[in-house]
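The values are calculated or read from the model by the stated rules, or taken from the named source; none is laboratory data. In this text, all values refer to a predicted model and were calculated from it rather than measured experimentally. Backbone-built Cβ (ideal geometry, glycine too); neighbour counts: all protein chains shown. The protein model used for the area step is the full one, side chains on, heavy atoms only, and it has no ligands, DNA or RNA in it. Shrake-Rupley method; radii C 1.70, N 1.55, O 1.52, S 1.80 Å.
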Amino acid sequence: MKCENCTKKECSKKQKNDDTQSTSVDALSSNDGFEEKNEFHTLADAKILLSDCLACDNCMTLEEGARVFQQNQKELFRILNLNKKCDTSKHKVLAVSICPQSLPYFAAKFNLSVNDAAKRLCGFLKSLGVHYVFDTTIAADFSILESQREFVQRYQRRNQEEHALPMFASACPGWIRYAERVLTNLVTSHICTAKSPQQIMGSLVKGYFARQQNLSPDKIFHIIVAPCYDKKLEALREDFYTALYNSQEVDCVLTSGEIVQIMEQKKVSMKDVTEVAVDSLFDGIKEGDVVRHDGKRSDGYLEHIFKHAAKELFGMDVKEITYKALKNKDFQEVTLEKDGETVLRFAAAYGFRNIQNMVLKLKKGKFLYHFVEVLACPGGCLNGKGQAQTEDGKPDKALLQQMEEVYAAVPVRLPETNVHVQRMYQDWLEGMDSKKVQETLHTRYSAVNQTASNLDIKW
């Protein structure tokens with residue numbers, strides 16, 4: 001049985017899914033502290049359907065499948081129960097980081113403002129026993145700033161280095177996995193080396209924050225709340241692991257929908273939850289109102305990099321960007337002209353059909369773009385399959401429209417204006433051009449195995 005996005009002519013995903021579900025249940029049943037019945041014992045096992053998987057290559061391995069299925073609500077409750085036991089040496093500091101694209105889901109679903117949704121979600125999580133609740137916008141600040149700088153450097157080296165341009169965004173794990181496992185060397189050298197916001201947030205929580213709290217990274221259990229299931233796969237990456245402490249920088253990813261399942265299981269309504277201000281990574285400071293980056297359905301890499309490049313490379317201040325839709329609304333381009341010449345050509349390609357067309361042009365040598373913001377989900381991150389779905393697994397178009405309206409109304413903050421980020425560059429990262437910046441905020445993407453890409457398949 002093939003999933004809808006698979007590039008294999010024969011796919012073993014269904015058998016692997018069946019095997020991994022049984023494996024993961026066995027593994028969970030042996031977890032310390034979870035074998036006894038408790039207030040959470042009625043929670044259903046987490047499942048990932050074939051249609052949920054965006055990483056369309058030769059499917060997950062058995063080991064990956066087992067580890068992905070362990071990233072469910074039971075992991076949260078296992079740590080909560082562990083913290084109730086008398087042996088304090090086994091207690092964990094429980095930190096939850098929430099992606100900006102998840103908040104509009106809670107706001108639209110419960111008819112709240114984004115600020116109210118953030119505070120009530122924080123209040124709910126802390127009522128369960130979570131110690132800290134963070135907003136990952138600061139991690140996206142770092143990711144965008146590093147992506148901006150890398151694009152300018154690549155553009156300046158474009159005549160000396162064959163693979164300098166185009167540059168592809170690196171924030172979407174579905175796209176990254178597809179590129180590494182299927183497209184291999186055709187595109188991996190073109191992928192921006194800046195880590196995704198999730199990966200950077202892992203470094204911030206188990207690096208910067210752990211040091212501030214005088215904690216060993218392995219004493220923190222870090223959960224990400226995200227719009228899509230592929231974030232679970234991203235958390236397993238080897239470059240997201242600290243060998244010294246035998247600790248993943250993100251221990252578990254829960255989708256927005258999985259958090260709602262917990263609320264439903266506990267018969268809690270967001271409107272009945274006490275509002276609690278979201279924590280910051282800095283002692284004695286709470287987060288203020290929710291802010292976002294440019295871009296109506298994503299973290300805004302295209303818009304921020306475009307404006308930065310226009311200023312740095314051509315001395316032009318671009319205030320507003322005009323998108324030109326090409327084949328569909330999920331494939332759009334933006335250009336910059338100077339003296340009658342097109343000097344920058346960017347594109348946004350969302351969904352695998354548009355990604356496939358983009359890669360075909362690259363393979364044929366007909367690729368005109370300098371930068372492409374690539375996202376696996378049609379409609380962007382807000383349409384992640386971990387939140388914008390009806391009960392029968394179809395896209396909830398009405399809810400998505402509400403989410404887009406709510407998200408667009410959130411005020412934009414330029415990452416350059418975040419004083420905490422600038423201070424952390426100096427105090428924690430030892431300067432913007434330091435070795436520590438490269439080690440903490442960057443990674444490398446490379447071909448995992450050489451598989452036939454089957455680029456002629458029509459999705």
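Miscellaneous remarks
- Here the peptides 94-103, 163-172 are ranked by packing, the mean other Cβ count within 10 Å, and the order with the highest first is 94-103, 163-172.
- The stretch 163-198 versus the stretch 296-361: alpha-carbon centroid distance in Å: 17
- The GluC sites (Glu not before Pro) of the stretch 389-443 that meet both conditions, a loop assignment by DSSP and at most 10 other Cβ atoms within 10 Å of the site Cβ, are E391.
- Percent accessible area from carbon and sulfur atoms, the stretch 287-339, protein chains only, probe 1.4 Å: 42
- Put simply, the amide H of L94, placed in the peptide plane, has neighbours under 5 Å in H131, Y132, F221, leaving out anything fewer than 5 places away on its chain.
- Taking every protein chain into account, the 1.4 Å probe leaves S113 with about 60 Å² of accessible area, to the nearest ten.
- Between the stretch 204-226 and the stretch 377-428, the alpha-carbon center distance in angstrom: 23
- With a Förster radius of 45 Å applied to the C-beta separation of E312 and N111, the computed FRET efficiency comes to 0.60.
- Label-point separation in nm, E162 to K394, each point 7 Å along Cα→Cβ: 4.8
- Estimated inter-spin distance, K327 and H420, nm [label 7 Å along Cα→Cβ]: 4.1
- E275 paired with D433, simple spin-label distance in nm, labels 7 Å along Cα-to-beta-carbon: 4.6
- Normalised by the number of residues in the stretch 164-215, the mean separation of alpha-carbon contacts (under 8 Å, six or more apart) gives a relative contact order of 41 percent.
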